[in-house]
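**Student:** Pasting a structure below so you can have a look.
The values are calculated or read from the model by the stated rules, or taken from the named source; none is laboratory data. Nothing here was measured: the structure is a model prediction, and the numbers come from that model. Every residue, glycine among them, receives a Cβ derived from its backbone with ideal geometry; neighbour counts consider all protein chains shown. In case anyone asks, the SASA skips ligands and DNA or RNA and just uses the protein heavy atoms, side chains included. Shrake-Rupley method; radii C 1.70, N 1.55, O 1.52, S 1.80 Å.
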Amino acid sequence: MTTTPDAGTRNVPVPTQSTYQNRVADYWNAEENPVNLELGRIDDLYHHHYGIGEADWSVLDEPDAGVRRDRITAELHRLEHAQAELLAGHLGPLGPADRVFDAGCGRGGGSVVAHLRYGCHADGVTISAKQAEFAGEQARKRDIDAKVRYHHRNMLDTGLPSGAYTASWNNESSMYVELDLLFAEHARLLRRGGRYVVITGCYNDTYGQASREVSLINAHYICDIHPRSAYFRAMARNRLVPVHVEDLTAAAVPYWELRKEAQHLVTGIEETFLTAYRNGSFQYLLIAADRV
Ligand SMILES: C[S@@+](CC[C@H](N)C(=O)[O-])C[C@H]1O[C@@H](n2cnc3c(N)ncnc32)[C@H](O)[C@@H]1O
């Protein structure tokens, strides 16, 4: 809590984060979905995003119920990991002296992936104290905590050093914030020529406005999915120039198809995602941009 002068006469309290941000933090502090925890336990890489690529459907034919369950879990994890690797591939080339910033880092998997790939330093920031603590513990267990650090902070106002980062990203965390504020912070943290990458669901401008399914996804996760156009407008206003845009919508469908069959992992939002992708109202997008 800070204070600000009220008409120059007295100081009134100003919360350091909005009521909305408090609710988002409450959600992630309480979150213990099996789809996030059971997948991560496989190799201690905790991803809280979806997956891309063709699925191995043979896992559904497995006759033994226990083995089937484990194979589906492993396959979903493989698809989620493929997404993390795709994103990391767009950050480089990077070396051990480089620093990267993971905005809205969840339980930390993305920063670990970037570090294992490039040997770089990583700073992950999440608004959830519980996630930051969990991710930090994982880094200590891997003995990479000297280079991979997690912070309980607001990604719009990180307090991290200006111009210190060679690359930064949001993997499914940009729908929780105003894009101009987010990209201004990335532009401040990135050095000139640095690379920014986002993977996000966005609503399709050609559909019109947000569809019923997009509104249901917003309500499910307490987020505010932006239209595709908003990303490019806000990047242009904040010194981020797109160099690569990839529509991952078709590549995202097998993950949801498989997840729908995973009775031990479903959260109830699976059919809504599939309908949103199929009716053209929702897209899954990767945008890589250079900081100029
Ligand atoms: C769907 S999870 C994605 C986590 C992570 N990027 C990953 O790929 O595993 C969304 C994350 O955004 C974070 N988040 C939302 N609003 C935030 C804010 N204003 N500042 C920092 N983190 C935020 C949440 O705490 C959560 O970790």
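**Student:** Provide the percentage of antiparallel DSSP beta bridges, counting only those with both residues in the chain; round to the nearest 5.
**Tutor:** For the chain, the DSSP antiparallel bridge percentage is about 50.
**Student:** Now for a different question. For K147, go through the aspartates and glutamates and keep the ones whose alpha-carbon is under 12 Å away, minus same-chain ones fewer than eight residues off.
**Tutor:** Counting by Cα, and skipping residues close in sequence, K147 has these aspartates and glutamates nearby: D98, D123.
**Student:** Alpha carbon centre of the range 156-214 versus the range 44-85: separation in Å?
**Tutor:** 27 Å
**Student:** Turning to a different aspect of this structure: Excluding same-chain residues fewer than 8 positions from K260, which aspartates and glutamates have a Cα within less than 14 Å of its Cα?
**Tutor:** K260 reaches E75, E270, E271.
**Student:** Could you please state how large a percent of the accessible area of the range 18-291 is carbon and sulfur, counting protein chains only and using a 1.4 Å probe?
**Tutor:** C and S atoms contribute 51 percent here.
**Student:** Continuing with the same structure: Starting with the highest mean, order 23-35, 185-197 by the number of other Cβ atoms within 10 Å, averaged over the residues of each peptide.
**Tutor:** In descending order of packing, they fall as 185-197, 23-35.
**Student:** Can you compute the FRET efficiency between D247 and D143 using 1/(1 + (r/R0)^6), with r the Cβ-Cβ distance and R0 = 35 Å? Round to the nearest 0.05.
**Tutor:** 0.35
**Student:** Further question: Going by a ≥ b ≥ c, the root eigenvalues of the Cα gyration tensor, does the range 1-160 fall in the rounded group (a/c under 1.5), the prolate group (a/b larger than b/c) or the oblate group?
**Tutor:** prolate
**Student:** Place the peptides 208-215, 121-128 in order of packing, highest mean first, counting for every residue the other Cβ atoms within 10 Å and averaging per peptide.
**Tutor:** Per-residue Cβ counts within 10 Å, averaged per peptide and sorted highest first, yield 121-128, 208-215.
**Student:** Only helical DSSP H runs with n ≥ 4 go in: add -39500 (n - 2.57) per run for the chain, normalise by residue count and round the 222 nm mean residue ellipticity to 500 deg cm²/dmol.
**Tutor:** -13000 deg cm²/dmol
**Student:** If you stretched the chain out fully between F232 and D56, how much longer would it get, using 0.36 nm times the residue separation minus the C-alpha to C-alpha distance?
**Tutor:** Value of the extension gain: 59.9 nm.
**Student:** Relative contact order for the chain: what percent, with Cα pairs under 8 Å and sequence separation of 6 or more?
**Tutor:** It comes to 18 percent, rounded to a whole number.
**Student:** How would F101, F232 line up by accessible area, probe 1.4 Å, largest first?
**Tutor:** Highest to lowest solvent-accessible surface, that is F232, F101.
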